[in-house]
Structure formats: structure tokens, C-alpha cells
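Enquirer: Below is the structure I would like to discuss, written out as C-alpha cells.
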Amino acid sequence: MFASLALFLLALTFFLLLFQTRRPKNFPPGPRAIPILGNLLDLNLESPIADLERLSKRYGNVYSLFIGPKPAVIINGLQALKEALVNKGAALSGRPQEQMVNHAVRVKAHAPGVILADYSPTWKEHRRFGLMTLRNFGLGKTSMEQRILGEIQHVTKLLEQSVGKPTDPHVLFHNAAANVICQVLFAKRFDYDDEFMKFSVRLFQDTSKLINGRWGMIYDTIPMVRNLPLPFQKAFQLFALSYEKRLQIMAESKKSRIPGKPRHFIDCYLDELDKRGNDGSSFSEDQLCALLLDLHFAGTDTTANTLLAGFLYLMNYPEVQERCQQEIDKILDGKDHASFEDRDQMPYVQAVIHEIQRMANIVPLSVYHCTTQDTELMGYSIPRGTTIIPNLTSVLFEEGQWKYPREFNPENFLNDKGEFFKPEAFMPFSIGPRVCLGEALARMELFLFLVSLLRKFKFIWPEDAGEPDYTPVYGTTQTPKPYRMKVQLRGTA
Ligand code: HEM
Ligand SMILES: *[C@@H]1O[C@H](CO)[C@@H](O)[C@H](O)[C@H]1NC(C)=O
């Protein structure tokens, strides 16, 4: 009896020591954590915003939280974020490696793709290659702009059919954004009811719910349960299926490919592989496979949700919509279509698009970073391997950085002379060495979609829709709540 009690106490002590939750010396402050679960019980996981707001008020711009057994550092505000992501860029641009998302997405241990790759030559080489290829080197004759305009024609056709009957634009914008990136990756667009399209949408939505929800937390916190048949296994199955599909697409491309004449991203990558041979670089077919998922994933939800948020605001601020249309009509007078160059002559439209991105706040906590070495930040010491959470929300709405921090108002991006200007605190794509790799593409898409659609249609909030709810559904990428929109053809163009 006594012996078993002693044994129990010993085991308990061992357990608590193993999972002890003490902060390292001079670490950013935060609430006390309990073993194993950390601060999980301090947060309402389905919508933690209010709890986190309370914590950041109490502990300041740089504070820490135990997400399971290890503390993560949350960084708030322009000053601290610039210091962290730009000035200390190299030290804070790693990625955590042992979370559920890494395990679920990873093709092979040596092929981490680019989004989740740690700060390493693999990441650097693939980031450079990705940027260059997206910038249109070697992507054949069709320019990015023409690809986007082509997709806009499909959207226009579908919207024309919905004139008079209010429709939910969620699927429409989602598929449109997916098709732009699919044309880059595979030189192929998919019908909106295509199986691959439907599978990808499901992959992204279902897995991100699993990874970011309670089950992801449990997976990350308690390694013992990882092999049990719990709901998170669904995410692993879906990614395995996606891996098969990508292998298939790559095999088809290889069959019909002519070296040196790339039709799409896959061909560009294979040309690069040929060029490099076995030079010991990080390029490999496994990496290509990982990259395809990264770009497809990163390029779809973000852009689609920004467009959705955009039309939600434009319908409910009809005077803003009309002023955009006046500017668009004037600048595009006599032209068949918009081009990205026109933006310089459209300061108001530019201001509106930036304001949409600010309010939409699509990636509220960026993608988590990780320290690559022991680091000093704002007077605190942060050991190597600590998860860093850049709170982009805190800057996009920061008091003192904006004329109207809390309201939708394009004046936030216009100076006294009505010219467009971009405050430093505008960072929906994040900043520093990890800044969004698709920023240029995303900005071109947002401009061409919004300008082309506003030129052709008037967007109206249905009379029976009640008050708009601008609060997004919380997640790694935030989505506006479902809504319906009414479209009318405009007289011009
Ligand atoms: C409005 C649209 C978009 C927004 C708001 C957005 C935002 C972001 C953010 C906040 C990050 C994390 C940066 C960091 O770690 O600090 C990111 C990374 C990334 N984005 Fe985007 N993104 C958008 C569109 C796109 C598109 C269209 C692509 C496709 C090509 C793309 C590809 C990527 C990639 C590959 C990364 C990882 C970069 C790295 O780890 O080095 N994004 N994006
Ligand atoms: C990020 O900043 C916003 C706005 O200041 C705040 O409401 C939210 O709780 C912060 N999130 C975290 C994780 O600290």
C-alpha cells in the first residue's frame, strides 16, 4: 500500500518535471501555466480573441503563453514587430518544425516545401526560385495579367447569370482565386464543379479546421496520443490523398514536357532540376511536390477571402463603391480592359483596396515564426527554438498609426491632396525575410478583379439581408461570414 503510494508520487513528480512549465530566465512575461496543458485552459479555443486581448493588455507588447509544454512569444504593435521581423529578421525567421501541420503536410523529411521550411538553404533557394518564376520568367507567352483577366471573364459570365437573384459568392471567388494559381502551376483551369477543385477546397477547409482547432492542440501537446484513431487522422488521410494527386499531375507533365519550353511552374522546376543536375542543392522532385501544395494553398483562401470581405464592405458603403466606379470609368474610358499599370492613375481605388485588406485582416497572426538562435528582443531573452507569433492584427488597427483605426475609411490611405500613400503599419502580407511570397501576384489579382467587376456591375446588399456582420470567422485565415449579394449590370462598358 505504502509502496504503491510512494511509487505513484514518484511517477507524478517525474511527470511534472518532464512537463514542467517554467519560463526561461528573462523571458517575456505571461500567465502562469499548468503542466502539460500550459495555458490552454485560459483560452476559449473556438474564439480566443477576447481572452488574448485581456492578456496582451495585462502583459504588454511582448508576452508569452504556453501552448502545451513550450512557451510561445506573442509580439504586438508596429515598433516591436519591426524590431522582431526586420531588424532581427535572420534570428526570428525560422518556422516551428514539430507541430501537427508539419507532420501532416510533409512529403518527405528532406522536402519541407517553402511555407513551413525552417530558415535554411532549402528555404532560401526555393523562395528565390518561387519569386522569380512567379515574376514570369520562363512562364511562356501568356502574362500573369492575361491569365487573371481570363479568369475574370468566367466570373463575369457567372455573375451575369445571377443578375436579379441574390447569390452567395463564396464558392465563386474561391474557385476563381484557385484557378489563377492553378494556371500558373499546371497551365490548366478547372470548371467550378470539377472533382480536383472540389477536393482541394475540402482539403484546405477541413484540414485547417482540424489543425487549428482543439484536435490540433491536443496533437501538439500530448505526443502519446498521436497514433490513436482520433479525428486528426482525417487530416493525415486527406494530405496523403493530395500527395497522390500531385504525383499524378507531375507524372503527366513529365510525359508531355519539352525541356527548355516550360508551359507552367512544374516545367520550370524540372528545367531547373536538369540545369542543376546533382549539384548538391536542395532541388528535388519531392520538393517540387511540396511546393505545389504550398503555392496552391497559400494562393487560394487568402485572395478569395479578401475579395469576399471587399464586396461585403463595398455593398454596405455604396458611396465608396460609386466613387470607385467614377474613377474607373474615367481612367478606363475607351479601353477594353483594366491593366495593373492603371493603378497609378487610380489613387482612390488603390486606397479602397488597401483599406479592404486592412479591415479584412485575413491572416491575423501571420504564419508562426521561430527563433533560429538565442535572441535579445525588446530587453527580453528568447532562447533558440521558441515559437514566435507576430500579431499582425495589433498593427493593422493600432491606435496612433491610422487616421481612423477602427472604421472602414479609405481616407486612411489618402493624404491631404487626395493622393494615395501607404502607412508603415500596413502589413497584411507581414514584413521581413518571410514576407508573403505571393504579394505581387495577390495585389495584381485584387486590383484586376475589383476594377473589372466594379466597372461592369453594381453590387447591392439585399434588402432582406438585415444588418451586415463584419466580424470574420476566426482561423489561421479569417473568412467573412456567409452573405448574399445582388448584382446589377451598369450602363457603361
Ligand atoms: C491577399 C492575399 C494574401 C495575403 C493577405 C497573404 C499573406 C501572407 C502572410 C501573412 C504570410 C506569412 C508571412 C510570415 O511568415 O511572416 C504569407 C506567406 C506566404 N504566402 Fe501569402 N498572402 C496572400 C496571397 C498569396 C498568394 C496569391 C500566394 C501565391 C503564390 C502566396 C504565397 C505565400 C507563400 C509561399 C508564403 C510563405 C513565404 C515564406 O515562408 O517564405 N500568398 N502570406
Ligand atoms: C492581437 O492584437 C489584437 C488587437 O490588439 C488583440 O485583440 C488580440 O487579442 C491579439 N492577439 C494575441 C494572440 O495577442
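Enquirer: Within region 441-454, take every residue that is touching a helix residue (DSSP H, G or I) at 6+ places or on another chain (Cβ under 7 Å) and more than 13 Å from L314 (Cβ to Cβ) and give me the one that is farthest from ligand 2 (Cβ to nearest atom).
Expert: Out of the qualifying residues, it is S452.
Enquirer: Filter region 381-437 down to residues that are part of a loop (DSSP other than H, G, I, E, B) and hydroxyl-bearing (S, T, Y) and give me whichever is nearest to ligand 1 (Cβ to nearest atom).
Expert: Taking region 381-437 first, the residues part of a loop (DSSP other than H, G, I, E, B) are 383-386, 397-409, 415-419, 421-437.
Filter once more, so that each one left must be hydroxyl-bearing (S, T, Y): 386, 404, 430.
Numbers: T386: 15, Y404: 21, S430: 3 Å.
For region 381-437, the residue satisfying everything is S430.
Enquirer: Something else about it: Does M444 fit the bill of being touching an Asp or Glu at 6+ places or on another chain (Cβ under 8 Å), aliphatic (A, V, I, L, M), touching a residue at least 40 places away in the same chain (Cβ under 8 Å) and closer than 19 Å to N305 by Cβ?
Expert: On the way: touching an Asp or Glu at 6+ places or on another chain (Cβ under 8 Å): yes; aliphatic (A, V, I, L, M): yes; touching a residue at least 40 places away in the same chain (Cβ under 8 Å): yes; closer than 19 Å to N305 by Cβ: yes.
Against the criterion (touching an Asp or Glu at 6+ places or on another chain (Cβ under 8 Å), aliphatic (A, V, I, L, M), touching a residue at least 40 places away in the same chain (Cβ under 8 Å) and closer than 19 Å to N305 by Cβ), M444 qualifies.
Enquirer: While we're here: Can you report the number of residues in region 52-62 which are closer than 17 Å to P364 by Cα and surrounded by 15 or more Cβ atoms within 10 Å (Cβ to Cβ)?
Expert: Count: 5.
Enquirer: The conditions are (1) away from ligand 2 (no atom under 16 Å from the Cβ); (2) in contact (Cβ under 8 Å) with a residue 40 or more places away in the chain; (3) farther than 27 Å from V114 by Cα; (4) in contact with a strand residue (DSSP E or B) (Cβ under 9 Å, 6 or more places away or on another chain), and P472 fails exactly one of them. Which is it?
Expert: With respect to (1) away from ligand 2 (no atom under 16 Å from the Cβ); (2) in contact (Cβ under 8 Å) with a residue 40 or more places away in the chain; (3) farther than 27 Å from V114 by Cα; (4) in contact with a strand residue (DSSP E or B) (Cβ under 9 Å, 6 or more places away or on another chain), P472 is out only on (1).
Enquirer: State whether one or more residues within region 89-105 are surrounded by 22 or more Cβ atoms within 10 Å (Cβ to Cβ) and more than 27 Å from F239 (Cα to Cα).
Expert: Yes, that holds for at least one residue.
Enquirer: Would you pick out the residues in region 326-356 that are in a helix (DSSP H, G or I), surrounded by fewer than 21 Cβ atoms within 10 Å (Cβ to Cβ) and in contact (Cβ under 8 Å) with a residue 60 or more places away in the chain? Outline the logic, then answer.
Expert: Of the residues in region 326-356, the ones in a helix (DSSP H, G or I) are 326-332, 340-345, 347-356.
Okay, now just the ones that are also surrounded by fewer than 21 Cβ atoms within 10 Å (Cβ to Cβ), so 326-327, 329-332, 340-345, 347-348.
Listed by number, the residues that qualify are D329, L332, F340, D342, R343, P347, Y348.
Enquirer: Shifting gears a bit: Of all residues in region 362-371, which are more than 9 Å from ligand 1 (Cβ to nearest atom) and on the phi > 0 side of the Ramachandran plot?
Expert: Scanning region 362-371 gives no hits.
Enquirer: Let me ask something else. Of all residues in region 48-67, count the ones that are within 9 Å of ligand 2 (Cβ to nearest atom) and within 24 Å of the chain's Cα centre (by Cα).
Expert: Adding up the residues that qualify gives 9.
Enquirer: Just the residues that are within 20 Å of N212 (Cβ to Cβ), within 14 Å of ligand 1 (Cβ to nearest atom) and in a loop (DSSP other than H, G, I, E, B), please, taken from region 50-97.
Expert: Correct list: R95, P96, Q97.
Enquirer: Among the residues of region 129-159, what is the count of those that are hydrophobic (A, V, I, L, M, F, W, C), modelled with pLDDT under 90 and touching a Lys or Arg at 6+ places or on another chain (Cβ under 9 Å)?
Expert: 2
The values are calculated or read from the model by the stated rules, or taken from the named source; none is laboratory data. Everything numeric in this text was worked out from a predicted model, so none of it was measured. With ideal geometry, Cβ positions are generated from the backbone for all residues, glycine too; neighbour counts draw on all protein chains shown.
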